[in-house]
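Report on the following structure.
The values are calculated or read from the model by the stated rules, or taken from the named source; none is laboratory data. A quick note: this is a predicted structure, and the numbers were derived from the prediction, not measured. Cβ sites come from the backbone with ideal geometry, for glycine too, and all protein chains shown count toward neighbours. We work out accessible area using only protein heavy atoms, side chains counted, and drop any ligands, DNA or RNA first. Shrake-Rupley method; radii C 1.70, N 1.55, O 1.52, S 1.80 Å.
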Amino acid sequence: MSAALWCVVPAAGRGTRVGGSIPKQYLPLAGRALILHTLERLALHPRIAGLMVVLGEGDGHWPGVAELYGKPVLTTIGGAERCDSVLAGVRALPANVSDDTFVLVHDAARPCVREADITRLMDVGMPAGGGLLGAPLRDTLKRANSDGRSEVTEPRDHRWRAFTPQMFRRGELSAALQSAHGAGVTVSDEAMAMERAGFAPCLVEGAEDNIKVTTATDFALAEFLLSRMK
Ligand SMILES: Nc1ccn([C@@H]2O[C@H](COP(=O)(O)OP(=O)(O)OP(=O)(O)O)[C@@H](O)[C@H]2O)c(=O)n1
Ligand SMILES: C[C@](O)(CO)[C@H](O)COP(=O)(O)O
């Protein structure tokens, strides 16, 4: 079995699209905070060494977890954008995580990720130099005009939805994120930074139930999905 990987978990968002009184990652899901479901799924993976959770400045909701299932859980402070938080997390990883070592990045807001998908990302993505979980678009794609009416049907072929985890070598990811930051480019995921740096991340198809809890209605769906995964 290959060496275990650290996972950076961006959890410094405000969850504005949920509209809750506290950041969505701390809102209850099936009886406990959303983030704890995500951290548990990651810590239970046999090839994940530890978690680096990236918190919001002054985040008083973090329950102070220091270890999960024998895996260390470290924390650092994130930034204004998700990419700033990811860069902070990658930089804060333990010194023994070399620049050539692959690291994972997985949203705290994605509690339904499957162990088998993480394993497949590792097995397929490492030989390819890095990659991400995703799924090909399966619906017709429309571009809306300012009136909310369908203006154009966009091409769907070769279009994928990007999920997390995304997995890259620590040094290459850090440099790509720093380069984008320096150029004033806000990348929406790690793969965008890597593409910008000239890499071609491997797309690894994963289950579409690896949803990102984004709006209030997503909580019920996530709860249903988790109940089916027990
Ligand atoms: N500055 C930020 C913004 C987001 N995130 C994290 O990135 C993940 C995906 O981001 P998203 O779903 O957009 O979360 P929020 O930014 O909190 O949501 P919103 O845009 O509705 O405020 C989440 O786990 C979120 O906590 C982060 O660590 N730092
Ligand atoms: C990284 C991501 O999960 C890929 O789909 C997504 O972009 C993060 O959510 P955000 O709303 O873009 O911050």
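Answer yes if at least one residue in the stretch 19-31 is touching a strand residue (DSSP E or B) at 6+ places or on another chain (Cβ under 8 Å), open to solvent by 10 Å² or more (accessible area, probe 1.4 Å) and more than 8 Å from ligand 1 (Cβ to nearest atom), and no otherwise.
Among the residues of the stretch 19-31, at least one is touching a strand residue (DSSP E or B) at 6+ places or on another chain (Cβ under 8 Å), open to solvent by 10 Å² or more (accessible area, probe 1.4 Å) and more than 8 Å from ligand 1 (Cβ to nearest atom), which makes the answer yes.
Out of all the residues in the stretch 105-123, which are within 16 Å of ligand 2 (Cβ to nearest atom), touching a Ser or Thr at 6+ places or on another chain (Cβ under 8 Å) and not small (Gly, Ala, Ser)?
Those that are within 16 Å of ligand 2 (Cβ to nearest atom), touching a Ser or Thr at 6+ places or on another chain (Cβ under 8 Å) and not small (Gly, Ala, Ser): VAL105, HIS106, ASP107, ARG110, PRO111, VAL113.
Given (1) buried (at least 16 other Cβ atoms within 10 Å of the Cβ); (2) free of Cβ contacts under 8 Å to residues at least 40 places away in the same chain; (3) assigned to a loop (DSSP other than H, G, I, E, B), where does VAL113 come up short, assuming only one miss?
(2)
Of all residues in the stretch 66-110, count the ones that are open to solvent by 30 Å² or more (accessible area, probe 1.4 Å), under 15 Å from ILE35 (Cα atoms) and in a loop (DSSP other than H, G, I, E, B).
Residues meeting the conditions: 1.
Where in the stretch 123-230 are the helices (runs of 4 or more DSSP H), entirely inside, with at least 2 residues that are of a type in the set (Gly, Ala, Ser) and open to solvent by 30 Å² or more (accessible area, probe 1.4 Å)?
170-182, 217-229
Restrict the check to the stretch 54-77 and report whether at least one residue is of a type in the set (A, V, I, L, M, F, W, C), more than 16 Å from ligand 2 (Cβ to nearest atom) and in contact with a Lys or Arg (Cβ under 9 Å, 6 or more places away or on another chain).
Within the stretch 54-77, not a single residue is of a type in the set (A, V, I, L, M, F, W, C), more than 16 Å from ligand 2 (Cβ to nearest atom) and in contact with a Lys or Arg (Cβ under 9 Å, 6 or more places away or on another chain).
Out of the residues in the stretch 8-33 that are within 12 Å of ligand 2 (Cβ to nearest atom) and not hydrophobic (A, V, I, L, M, F, W, C), which is nearest to the chain's Cα centre (by Cα)?
Checked the stretch 8-33; the qualifying residue nearest to the chain's Cα centre (by Cα) is PRO10.
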